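Below you will find the structure I want to go over with you.
The values are calculated or read from the model by the stated rules, or taken from the named source; none is laboratory data. Keep in mind the model is a prediction, meaning the values are calculated, not measured. No Cβ is skipped: glycine too gets one built from the backbone with ideal geometry, and neighbour counts run over all protein chains shown. Calculation scope for accessible area: heavy atoms of the full protein, side chains included, ligands and nucleic acids excluded. Shrake-Rupley method; radii C 1.70, N 1.55, O 1.52, S 1.80 Å.
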Amino acid sequence: MKTLFFCPLWGMENLSYAEAARRVKSAGYDGMEIAAGPDKRKEAVQVTRDNGLDLVLMAFSGGSDFADHKKRFRDDLLDIAAHKPLFINAHTGKDFFTFEQNAELIQTALDVQKQTGVRILHETHRGRFSYSAPAIQNYLLRLPELRLTADYSHWVNVAESYLDDQAENVSRAIAISDHVHCRVGQPEAPQVSDPRAPEWKEALETHARWWDAIRTRLQRANAFAMTITCEFGPAPGYLPTLPYTQQPVVSQWDVNVFMKDYLKKRWQV
């Protein structure tokens, strides 16, 4: 099984797509994960192809009411799928939508997937239908075709714990997680300040064991590849900054490269 590491464009918005792709390629990544608007998707495809990189495109749902939300979500997925990324990583639904409404959006994604042949995964993320480990269980039990992007850092933050008392909930998610965002969360934030620091050893190891379990499942299923996006976020939202100066406490780029190299060493790939 191949192991493919992706770098997010998030945090490199000051660079052109071409500059970012060259930097990503030279750092040893296999691809990029990009949240590109409709006017930038063709460029994202061309630039990553020109640099020998795979591409994951992201989808975000929004709208003034549910009917508008659903239409925009479907239209966006169809447009993204037309560019034939490796797959689509979707931020799906809202935490305040009903189960039935979020299930409609998940079914909409399945319909687009079947129509276009492009896989659509749903990221575990605060504010979405998948915002916590217990909140997602009804979807996991009732929607057998649902597939996830695992970013369990959000669940750690929402639960204010490392989910030790929710092992069964996490295991159900691991069983259908096909892509990983290797951000490390902690009980009071979706991102530790620096995963290299000794005070975050427990947090790093806890998340790494979840990723190990996903990897083992994919290997046993004879999957073609495991895909991982090293997605520690930038300042000022995700990456802590010093007061007044707003100076980031670490380099987002360096942390994401560390995560790539850490997992390569851990898995000997």
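Take the stretch 8-23 and flag every residue that is under 17 Å from LEU57 (Cα atoms) and open to solvent by 20 Å² or more (accessible area, probe 1.4 Å). Write out each step before concluding.
Pass one, the stretch 8-23, residues under 17 Å from LEU57 (Cα atoms): 8-13, 16-18, 20-21.
Passing the criteria: TRP10, GLY11, GLU13, SER16, TYR17, ALA18.
Mind counting the residues in the stretch 24-36 that are more than 21 Å from ASP254 (Cβ to Cβ) and open to solvent by 20 Å² or more (accessible area, probe 1.4 Å)? Give the derivation first.
Restricting attention to the stretch 24-36, the residues satisfying the condition of being more than 21 Å from ASP254 (Cβ to Cβ) are 35-36.
With the extra rule that they be open to solvent by 20 Å² or more (accessible area, probe 1.4 Å), the set shrinks to 35.
So the count comes out to 1.
Right, next: For the stretch 215-257, name all the residues that are within 26 Å of LEU57 (Cβ to Cβ), exposed (fewer than 13 other Cβ atoms within 10 Å of the Cβ) and free of Cβ contacts under 8 Å to residues at least 40 places away in the same chain.
ALA221, PRO236, GLY237, ASP254
Quick one: would you say ALA173 is assigned to a helix (DSSP H, G or I), within 25 Å of LEU9 (Cβ to Cβ), among the aliphatic types (A, V, I, L, M) and open to solvent by less than 10 Å² (accessible area, probe 1.4 Å)? Quick ask: steps written out before the conclusion?
Working: assigned to a helix (DSSP H, G or I): yes; within 25 Å of LEU9 (Cβ to Cβ): no; among the aliphatic types (A, V, I, L, M): yes; open to solvent by less than 10 Å² (accessible area, probe 1.4 Å): yes.
Taking the combined requirement at face value, the residue does not satisfy it.
Among the residues in the stretch 188-199, are any without any contact (Cβ under 8 Å) to a residue 24 or more places away in the chain, open to solvent by 60 Å² or more (accessible area, probe 1.4 Å), under 27 Å from ILE88 (Cα atoms) and assigned to a helix (DSSP H, G or I)? Spell out how you get there, then give the answer.
So in the stretch 188-199, the residues without any contact (Cβ under 8 Å) to a residue 24 or more places away in the chain come out as 192, 197-199.
When the remaining residues are screened for being open to solvent by 60 Å² or more (accessible area, probe 1.4 Å), the result is 198-199.
Now restrict to residues that are under 27 Å from ILE88 (Cα atoms): none.
No, every residue in the stretch 188-199 fails to be without any contact (Cβ under 8 Å) to a residue 24 or more places away in the chain, open to solvent by 60 Å² or more (accessible area, probe 1.4 Å), under 27 Å from ILE88 (Cα atoms) and assigned to a helix (DSSP H, G or I).
Can you confirm whether GLY63 is surrounded by fewer than 16 Cβ atoms within 10 Å (Cβ to Cβ) and within 17 Å of GLU231 (Cβ to Cβ)? Full working, then the answer.
Numbers: surrounded by fewer than 16 Cβ atoms within 10 Å (Cβ to Cβ): yes; within 17 Å of GLU231 (Cβ to Cβ): no.
Spelling it out, it is not the case that GLY63 is surrounded by fewer than 16 Cβ atoms within 10 Å (Cβ to Cβ) and within 17 Å of GLU231 (Cβ to Cβ).
Continuing with the same structure: For the stretch 238-269, enumerate the residues that are hydroxyl-bearing (Ser, Thr, Tyr) and at negative phi.
Selection gives TYR238, THR241, THR245, SER251, TYR262.
Mind checking which residues of the stretch 37-51 are touching a residue at least 24 places away in the same chain (Cβ under 8 Å) and either crowded, with 20+ Cβ neighbours inside 10 Å or out of contact with any Asp or Glu (no Cβ under 9 Å at 6 or more places or on another chain) (or both)?
Kept after step one, since they are touching a residue at least 24 places away in the same chain (Cβ under 8 Å), are these residues of the stretch 37-51: 38, 41-45, 47-48, 50-51.
Answer for the stretch 37-51, where residues must be touching a residue at least 24 places away in the same chain (Cβ under 8 Å) and either crowded, with 20+ Cβ neighbours inside 10 Å or out of contact with any Asp or Glu (no Cβ under 9 Å at 6 or more places or on another chain) (or both): LYS42, GLU43, ALA44, VAL45, VAL47, THR48, ASP50, ASN51.
Now for a different question. Within the stretch 97-105, identify whether any single residue is over 26 Å from ASP165 (Cα atoms) and touching a strand residue (DSSP E or B) at 6+ places or on another chain (Cβ under 6 Å), and answer yes or no.
There is no residue in the stretch 97-105 that is over 26 Å from ASP165 (Cα atoms) and touching a strand residue (DSSP E or B) at 6+ places or on another chain (Cβ under 6 Å).
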